[in-house]
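One structure below.
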Amino acid sequence: MNRYNYFNNNWVRNMQTNNFVKPNQSLYSPKEAFEKGNLFADLYSQYKNYKPITLKANTEREKMLLELSQIAFAAHELNLYLDVYPNDSSMIALFNDYRDRANQLEKNYEQKYGPLTVDSENQETNYFAWESGSWPWERDFNV
């Protein structure tokens, strides 16, 4: 069987083992995927003895932003996967769940702490709302 047929049957090459696997055999949680930089456990290739760090949030704001980042990363990974496999209904459903959750988390964060992007719905039209708060380098992080 040639490579073309493998890809048509939703198989991809695992670069670590050089075997073909189905990417949706196992997925990391959004938290673990964010830390490792890959949602698909079968395709994750650890670099030498590198161990990803576990990110810890110290404040409620940091917790909300970290959770948003993790869920948005998982949705983005699934978006890339669906560019190649647009008919995978289980992944479409999971993508929709992650996308909806990310949108809700972003809305909650922006209602509480202000806009994250210039095109945010919470952005005031007559001034840039993030100018009223402190800049990241002006905050005391107690490091």
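The values are calculated or read from the model by the stated rules, or taken from the named source; none is laboratory data. All values derive from a computational prediction rather than experimental measurement. Every residue, glycine among them, receives a Cβ derived from its backbone with ideal geometry; neighbour counts consider all protein chains shown.
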Residues of the stretch 86-120 being closer than 25 Å to L27 by Cβ and surrounded by 16 or more Cβ atoms within 10 Å (Cβ to Cβ), which ones? D88, M91, L94, F95, Y98, R99, R101, A102, L105, E106, Y109
Restricting the first residue to the stretch 26-54 and requiring it to be at pLDDT 85 or above and of a type in the set (K, R), which pairs with a second residue that is part of a loop (DSSP other than H, G, I, E, B) and surrounded by 17 or more Cβ atoms within 10 Å (Cβ to Cβ) meet a Cβ separation below 9 Å and a spacing of at least six or different chains? K36/Y28; K36/Y44
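Tell me which residues, restricted to the stretch 60-119, are of a type in the set (G, A, S) and without any contact (Cβ under 8 Å) to a residue 40 or more places away in the chain. Talk me through it step by step, then tell me what you get.
Taking the stretch 60-119 as the starting set, the residues that turn out to be of a type in the set (G, A, S) are 69, 72, 74-75, 89-90, 93, 102, 114.
Result: S69, A72, A75, S89, A93, A102, G114.
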